[in-house]
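Only one structure is covered here, and it is reproduced in the block below.
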Amino acid sequence: MEFRHKSVLLDECIGNLNIKPDGVYVDGTLGGAGHSLEIARRLTEGGLLVGIDQDQAAIETARERLAEYGDRCRIVRSNYVHMDEVLRDLSIGGADGILLDLGVSSYQLDTPERGFSYMEDAPLDMRMDQRQDKTARDIVNEYTEQELYHLIRDFGEDRFAKNIARHIVKARQDKPVETTGQLAELIKAAIPARVRAQGGHPAKRTFQAIRIELNQELTVLKEALDKMAGLLNPGGRLCIITFHSLEDRIVKTKFRELEKPCTCPPDFPVCVCGRKSLGRVVTRKPILPTEEEMEENPRSKSAKLRVFERNSEGEGGML
């Protein structure tokens, strides 16, 4: 299947990156290269785009789509949490702009054998990086009932987490839960009919929770934010698109901390911790898709873009 992914908030991202023709830009979630293609088009021979993705299908597609800009592109298969290492290996000291699109790609959702979708019956996989041994099947069949309850409650924010975990554990006592279809039916049975009738697929939250746990998505995001902010050149910008409240909360909190890092108690008359601002939050409120984009691409409806800008040279930083 062809790697398809319609880039969300494309114009808004490109505009907020403030692209300089001779600058260095990093797309930490390369995907189908939609954002990267627009960045590369704006670069001159002195500019450079570094594209990072852990999905081999994305890497192959990006290489093909960015081929005409090969002299100004470097494509690396890795996780964006290792961005500092990737840039160091490429002898790049910093970036003028960094972009993350944290959504699951249309290709991943629409390729049944990848196991991301609850709309198809396929093996329980959900690996972003298929070099990883552990799959969603391992989580569903090996986690205790308490562990399943906590991850569905915390990462899926599902109020029926306890009942869903109970149904999964009871079912696997007879035989392992092997497919997305089996899991979706178990979840459906654990949720009251009156709630199911209110709209939205009953398995959505649990599938999100398992995917986040398997790929350690929130842990990776938390670990990477400080690194990425520290990699920005003076005046450089970090643009992050999130798709659910857990991610957005992490980004919002970290951006505020980078802007106002003081850890002194509120009742202190002056700051004594000495921590200095690394930059400013450009987006006081997140940038949302337009009505036209949401109509054209329904998967963009939950997207939020937040932007942070590194201090200009001479203003100092905290990292």
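The values are calculated or read from the model by the stated rules, or taken from the named source; none is laboratory data. Owing to the predicted nature of the structure, the values given are computational and were not obtained by experimental measurement. With ideal geometry, Cβ positions are generated from the backbone for all residues, glycine too; neighbour counts draw on all protein chains shown. Please note that ligands, DNA and RNA were not included when accessible areas were found on the heavy atoms of the full protein model with its side chains. Shrake-Rupley method; radii C 1.70, N 1.55, O 1.52, S 1.80 Å.
Here are the numbers for this structure:
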{"item": "Student exercise, the range 148-295 dipole from Lys, Arg, Asp, Glu Cβ charges, in Debye to nearest 20", "result": "420"}
{"item": "Cα→Cβ-extended label distance, 7 Å offset, between Arg41 and Gln56, nm", "result": "3.1"}
{"item": "Electrostatic dipole magnitude of the range 1-96 [Cβ: Lys, Arg +1; Asp, Glu -1; Cα centre; debye, to 20]", "result": "80"}
{"item": "Spin-label model distance (nm) - Glu223 vs Thr144, 7 Å beyond Cα toward Cβ", "result": "2.5"}
{"item": "Point-charge dipole on Cβ atoms (K/R +1, D/E -1) for the chain, about Cα centre, debye to 20", "result": "1060"}
{"item": "Positive-end residue of Ser312, Leu246, Tyr69, charge dipole of the chain with Cβ unit charges", "result": "Leu246"}
{"item": "Top positive-direction residue, dipole computed over the range 149-215 with Cβ charges, set Pro176, His150, Phe160", "result": "Phe160"}
{"item": "Mean Cα-pair separation over length for the chain, i.e. relative contact order, pairs under 8 Å, 6 or more apart, %", "result": "17"}
{"item": "When each of Lys188/Lys285; Lys134/Lys222; Lys188/Lys301; Lys188/Lys227 is checked by Cα-Cα distance, pairs over 29 Å", "result": "Lys188/Lys285; Lys188/Lys227"}
{"item": "Heavy-atom accessible surface of the chain: percent carbon and sulfur, 1.4 Å", "result": "47"}
{"item": "The chain, accessible area per residue, ligands and nucleic acids excluded (1.4 Å, Å²)", "result": "48"}
